[in-house]
Number of protein chains: 2
Amino acid sequence: MPESHYPEIRALGLFSGMADAHFQSLMRGAYVQNFPPQIELIGEGEPSDFLHVVLSGSVDLFSTWNGRDTSLATVRPISTFILAATIRNAPYLMSARTLEKSRIVLIPSQDVRAIFDVDGIFARAIVTELARCYRAVIKSQKDLKLRTSLERLANYLLRQQKRAGGGASFELDVEKRRLASVLGMTPENLSRAFKGLQPYGVAVDGTRISIGDQADLEGFARPNPLIDDFST
Amino acid sequence: MPESHYPEIRALGLFSGMADAHFQSLMRGAYVQNFPPQIELIGEGEPSDFLHVVLSGSVDLFSTWNGRDTSLATVRPISTFILAATIRNAPYLMSARTLEKSRIVLIPSQDVRAIFDVDGIFARAIVTELARCYRAVIKSQKDLKLRTSLERLANYLLRQQKRAGGGASFELDVEKRRLASVLGMTPENLSRAFKGLQPYGVAVDGTRISIGDQADLEGFARPNPLIDDFST
DNA sequence: TTGTCGGCTTGACAAATATCAAGCGCGCCG
DNA sequence: CGGCGCGCTTGATATTTGTCAAGCCGACAA
């Protein structure tokens with residue numbers, strides 16, 4: 001793979017501390033590929049041959065069962081996905097598709113496992129990353145089981161607002177149909193949920209959201225770091 | 001802590017391969033305690049001072065928000081819990097309480113992190129365990145988002161049947177109120193869901209479940225290894 | 001044995017959510 | 001410019017799920 005990509009990958013928490021020789025060794029077997037939008041990168045049930053790293057664009061992780069499907073997460077640069085399947089050498093639990101034009105690194109899973117065994121710092125980084133992912137899913141589980149759809153949307157908006165810089169007005173950066181799926185509801189109900197938040201000062205214009213009364217919305221949403229703070 | 005417990009802890013996947021000196025070092029700082037039923041061992045938000053290992057009994061992991069609460073998992077011997085919080089040195093995301101009289105080992109988190117850094121085999125075991133836990137939560141997430149409550153119950157019964165040996169008749173080993181919470185429904189609805197499975201040959205007598213027509217129930221439940229097989 | 005407590009069940013009702021069908025708005029392309 | 005097509009919205013309706021109140025039943029203790 002072209003060495004020009006090395007620095008941005010190297011800068012990832014997962015790879016930043018490891019021995020240079022090991023990093024080079026990982027990169028030797030890796031390759032970068034550009035994908036158009038809406039391409040299915042992997043399908044659930046398939047063997048986990050590669051660890052994926054998103055360099056640019058974005059990727060939707062979703063799952064299907066019995067004719068239904070649901071979005072579980074969105075992966076944005078720069079981060080990895082399906083680390084757990086790679087580590088356990090087990091089949092993927094989720095499918096992945098590009099949402100937009102994306103540049104993605106593929107690192108053979110067996111190389112990752114091999115370097116893991118000889119590089120303590122890399123091992124430490126993998127554990128830290130995996131623990132972060134685990135905790136993120138637990139938070140999402142709590143969000144789903146403890147909150148109504150209106151509360152989930154309210155808290156999502158507050159999180160997104162923070163991510164966008166904290167201003168009173170910001171853009172949704174996902175399609176509403178996907179947002180609905182992520183939040184565990186239908187697109188129709190998402191529409192109604194937005195209306196349901198109007199009394200708390202939320203205004204919607206296309207993908208632009210305006211929060212009229214921050215305190216009011218927070219009073220309804222009751223955000224909680226043990227659910228909504230994805231950094232811990 | 002009394003050395004009599006060493007063998008059963010040592011036999012745990014997490015500790016079985018590590019150097020003896022390191023294991024001894026971990027055990028030196030650890031201690032075992034017996035708890036009566038319904039004791040809250042840890043509360044969400046507290047700092048993660050100890051890695052816990054359940055030797056006997058069982059522990060309920062649950063969470064609370066805004067006056068509601070939900071059961072997220074049950075920990076049975078012999079296994080650990082709150083590994084991720086220990087690794088990240090972050091606050092617990094879930095509370096834990098004993099369901100019955102339980103014997104539990106407490107290992108100081110900082111010891112676990114210290115030994116992790118010097119024992120590659122231990123590190124490998126932690127990663128494997130963490131990846132297993134991660135995948136278990138993803139499966140649970142799919143179960144929640146892709147299935148109706150009736151389907152969740154049907155698949156739960158099939159899993160429990162398998163765990164109990166596979167016979168047509170078996171015992172539920174959780175209180176129904178807790179089962180309802182785990183499955184994301186109210187106790188009232190669980191009662192109705194059991195009735196809803198009667199047409200598929202499910203009979204309930206107290207905590208005893210009988211599956212009259214295995215194929216019929218499986219045809220309705222459509223179990224899937226990517227959701228229901230907790231071993232991968 | 002009898003009383004009581006807690007968990008489970010049931011029924012009636014209310015609220016939340018999904019489904020279906022139609023229409024709207026906007027970008028894209030002929 | 002006009003007409004699709006697609007995502008979003010809206011309304012009507014059905015289904016699912018939760019809530020509240022009451023009753024049942026078995027475990028346990030007096």
Report task. Can you tell me the dipole magnitude for the stretch A:3-144 around its Cα centre, using point charges on the Cβ only (Lys, Arg +1; Asp, Glu -1), in Debye to the nearest 20? Result -> 380
Query - 5 Å-binned pair-distance histogram of the stretch B:147-228 (Cα, whole percent) - result: 3, 15, 30, 30, 19, 4, 0
Report summary line: Beyond 22 Å, the calculated P(r) of chain B holds a percent of Cα-Cα pairs equal to 57
Report summary line: If N is the residue count of the stretch B:166-206, its Cα Rg over 2.2 N^0.38 Å rounds to 1.18
Requested in this report: With everything on Cα atoms, drop me the angle between helix B:20-29 and the longest principal axis of chain B, reported from 0 to 90° to the nearest 10.
Outcome: 80
Requested in this report: Please list the equivalent ellipsoid semi-axes of the protein assembly as shown, computed as the square roots of five times the alpha-carbon gyration tensor eigenvalues, in descending order and whole angstrom.
Outcome: 33, 32, 23
Report summary line: Flagged as over-length at 23 Å C-alpha distance, from A:LYS142/B:LYS142; A:LYS139/B:LYS162; A:LYS101/B:LYS139; A:LYS145/B:LYS176; A:LYS139/B:LYS145; A:LYS145/B:LYS139, the pairs are A:LYS139/B:LYS162; A:LYS101/B:LYS139
Query - Percent breakdown of C-alpha pair distances by 5 Å bin, ordered from the shortest bin, for the stretch B:8-57 - result: 4, 15, 24, 23, 17, 12, 5, 0
Query - Kirkwood estimate for the stretch A:22-85, i.e. one over the average of 1/r between Cα atoms, Å - result: 13.4
**Report entry** Label 7 Å beyond Cα on the Cβ vector: A:GLY206 copy-to-copy distances, nm
**Finding:** 6.6
Report task. Would you mind checking which residues have amide H under 5 Å from A:SER102's amide H? H placed 1.01 Å from N; only 5 or more apart, or other chain. Result -> A:PHE35
Query raised in the report: Could you give the dipole magnitude of the protein assembly as shown about its Cα centre, charging the beta-carbon of Lys and Arg +1 and that of Asp and Glu -1, in debye to the nearest 20?
Result: 700
**Report entry** Computed helical MRE - 222 nm, the protein assembly as shown, DSSP H runs ≥ 4 contributing -39500 (n - 2.57), nearest 500
**Finding:** -13000 deg cm²/dmol
Requested in this report: Work from the charge dipole of the stretch A:3-144 (Cβ charges, +1 for Lys and Arg, -1 for Asp and Glu, about the Cα centre) and give the residue of A:ALA19, A:SER63, A:PRO7 farthest towards its positive end.
Outcome: A:SER63
Requested in this report: In whole Å, largest first, what are the principal axis extents of the Cα atoms in the stretch B:1-130?
Outcome: 46, 29, 22
Query raised in the report: Once phi is turned into θ = phi - 60°, what whole-Hz ³J(HN,Hα) does the Karplus curve with 6.51, -1.76 and 1.60 give for every residue of the stretch B:95-108, x standing for Gly and Pro?
Result: 8, 9, 9, 6, 8, 9, 4, 9, 9, 9, 9, 10, 10, x
Query raised in the report: Mind checking the angle between helix B:109-118 and chain B's longest principal axis? C-alpha axes, 0 to 90 degrees, to the nearest 10.
Result: 70
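Read the figures in this text as sums done on the coordinates, not as results from a lab. The model shown is predicted, which means the values in this text are computed figures rather than measured ones. All Cβ positions, even for glycine, are placed from backbone atoms using ideal geometry, and neighbour counts span all protein chains on display.
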